[in-house]
Ligand SMILES: *Cc1c(COP(=O)(O)O)cnc(C)c1O
């Protein structure tokens, strides 16, 4: 980065400092990962100089031959990674973030005032699936536009209670049923969710923002055989740059869904796509197609399971009793320490985590009772089970009352 160092030594120094922090500390936030040098090169490329509003082959600006070729290739790889046929599935790789991808689905398939049913934020749901206070005040913009309802995990087992979800769905009669979250450590029964959606004539959207890479690598089950729509971020377990993708089933929703999704992304919500990020997503997808990525995805889950087992042995309340994925949620109420204090204490020893709400939360979102831990980034750094035992020791020692 010699040019940057010359032109802007201040920003250069801060980037250097961040690179050092990322090397010295352990990123254990489940939504974070470490992209390859190849992904970085694509994202830092001249592609960001080009405006390309529209879709491949249908742009509002001239000079987009190369951009068209790149975006088409990325779409093709996206379908390939998840084993999909372009006859059956439409994909849009332009959403700048997972949040915008979700809004684009709503914009494409719902009308303002329509009913949505999704997992409660406190139980691990996502803000874009809607959130409002008990007095009805909308916190998420989704809840301003749509009539939002929520399901909870079972208070005892802390996993999905499909009978309960079906019951709420029958009462609410949502136009869209959503699964997926930021802090739900278990696999979701996508077939069951689709069945519930079908029973009330709802569209079923699986938001696999967190699990995308685990699904691509075969370590988690795929929602594609069941969902009408699948959204995902590209930066989490998929290990690409910041970005997102929307997949819509033409088989279930008709061929016209393609145009609806594309129109919702542009011109309804976005302007010119981030061509450099889209190329970076393409590189990450190419990496996800290699055999090593399968090994990676499986190791991510193994590492999380070893860590969860060690924490459980040490008397921590691991929400749902363990994990099927890359993330662990601890309910710290039995340890007499808040999520915030735990995250601060761990940061002091170089382990970067985040405070989080838990099922049956009694605290506030800015001072919740839980701590969220994840293994995607440490696994990218080559950590295996034996390293996780060391990490577990350090976490347990740091969060023990004597400290
Ligand atoms: C991370 C996440 C998103 C949003 O992704 P951003 O890129 O941060 O906007 C959406 N849904 C779920 C379930 C997520 O975990």
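Considering only the stretch 90-97, I want to know if a residue exists there that is within 11 Å of the ligand (Cβ to nearest atom), in contact (Cβ under 8 Å) with a residue 24 or more places away in the chain, touching a helix residue (DSSP H, G or I) at 6+ places or on another chain (Cβ under 7 Å) and assigned to a loop (DSSP other than H, G, I, E, B). Among the residues of the stretch 90-97, at least one is within 11 Å of the ligand (Cβ to nearest atom), in contact (Cβ under 8 Å) with a residue 24 or more places away in the chain, touching a helix residue (DSSP H, G or I) at 6+ places or on another chain (Cβ under 7 Å) and assigned to a loop (DSSP other than H, G, I, E, B), which makes the answer yes. Restricting attention to the stretch 108-131, the residues that are more than 15 Å from the ligand (Cβ to nearest atom) and either assigned to a helix (DSSP H, G or I) or at pLDDT below 95 (or both) add up to 2. Restricting the first member to the stretch 166-183 and to residues that are within 18 Å of residue 359 (Cβ to Cβ) and modelled with pLDDT of 95 or more, and the second to residues that are within 16 Å of the ligand (Cβ to nearest atom) and assigned to a helix (DSSP H, G or I), the beta-carbon pairs closer than 7 Å and six or more apart or on different chains are 178/129; 179/193.
Against the definition (within 12 Å of the ligand (Cβ to nearest atom) and either assigned to a loop (DSSP other than H, G, I, E, B) or over 30 Å from residue 380 (Cβ atoms) (or both)), how does residue 183 come out, yes or no?
Yes, satisfied.
Among the residues of the stretch 232-244, is any over 22 Å from residue 66 (Cα atoms), assigned to a strand (DSSP E or B) and not assigned by TED's automatic domain parsing to the domain that holds residue 382? Within the stretch 232-244 (the criterion being over 22 Å from residue 66 (Cα atoms), assigned to a strand (DSSP E or B) and not assigned by TED's automatic domain parsing to the domain that holds residue 382), the answer is yes, since at least one residue qualifies.
Matching residues to (1) within 29 Å of residue 296 (Cβ to Cβ); (2) modelled with pLDDT under 95; (3) assigned by TED's automatic domain parsing to the domain that holds residue 323:
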| site | (1), (2), (3) |
| --- | --- |
| 341 | no, no, yes |
| 351 | yes, no, yes |
| 364 | no, yes, yes |
| 389 | yes, no, yes |
| 394 | yes, no, yes |
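For the stretch 1-36, what are the residues that are part of a helix (DSSP H, G or I) and over 24 Å from residue 350 (Cα atoms)? Of everything in the stretch 1-36, those that are part of a helix (DSSP H, G or I) and over 24 Å from residue 350 (Cα atoms) turn out to be 2, 3, 4, 5, 6, 7, 9, 10. Can you tell me which residue within the stretch 237-257, out of those that are within 16 Å of residue 82 (Cα to Cα) and within 16 Å of the ligand (Cβ to nearest atom), is surrounded by the most Cβ atoms within 10 Å (Cβ to Cβ)? Checked the stretch 237-257; the qualifying residue surrounded by the most Cβ atoms within 10 Å (Cβ to Cβ) is 237. Looking across the stretch 132-153 at every residue that is at pLDDT below 95 and part of a loop (DSSP other than H, G, I, E, B), the one that is nearest to the ligand (Cβ to nearest atom) is identified as 140.
The values are calculated or read from the model by the stated rules, or taken from the named source; none is laboratory data. Model, not experiment: these values are computed from the prediction. Note: ideal-geometry Cβ built from the backbone for every residue, glycine included; neighbour counts use all protein chains shown.
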